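Below is one structure, written out as structure tokens; the observations come after it.
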């Protein structure tokens, strides 16, 4: 049962309602409801909760497999574009070969 005094009550209730809609659609009680619309609404509800609590942060780690570096971690970036730009810079400057350097996506739960 959800606590109505919870500051995240509306976001949690929205998720619960979408899950209820999904359950009815799958079980056949509401066959007129559109499955894809339900999934889209559920995704929006979950995203809204994540934004509200700021729980997840995505970072892009630039890693290299090479003895030329002290650590495999070259850098951490907040955007994929910046990480790819740095990766391309290392390759274009012949510092490391293309198959030895890559970007890894990490999701950090705060």
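With the simple spin-label model, which puts each label point 7 Å out from Cα in the Cβ direction, the residue 16 to residue 37 separation comes to 2.4 nm.
Projected onto its three principal axes, the C-alpha set of region 9-53 covers 34, 17, 10 Å, listed from the longest axis down.
Calculated mean residue ellipticity, 222 nm, the chain: -15500 deg cm²/dmol, from DSSP H runs (n ≥ 4) at -39500 (n - 2.57) each, averaged per residue and rounded to 500.
Given R₀ = 30 Å, FRET efficiency for residue 48-residue 100 by Cβ-Cβ distance, to 0.05? For R0 = 30 Å, the calculated efficiency reads 0.15.
Could you give the angle, 0 to 90 degrees to the nearest 10, between helix 35-53's Cα long axis and the longest principal axis of the Cα atoms of the chain? So the helix axis and the longest Cα principal axis differ by about 70 degrees. Rounded to the nearest 10 degrees, the angle from helix 80-92 to the longest Cα principal axis of the chain is 20 degrees. Note down the relative contact order for the chain as a percent, whole number, built from C-alpha pairs under 8 angstrom at least six residues apart. Once normalised by length, the contact order is 24 percent. When the alpha carbon gyration tensor of the chain is reduced to an equivalent ellipsoid, its three semi-axes come out at 44, 18, 10 angstrom, largest first.
Any read-out appearing in this document is the output of simple, stated calculations on the displayed coordinates, not a laboratory observation. On a predicted model such as this, the values are computed, not experimentally measured, just so you know. Positions of Cβ are generated from backbone atoms using ideal geometry, with glycine treated the same way; all protein chains shown enter the neighbour counts.
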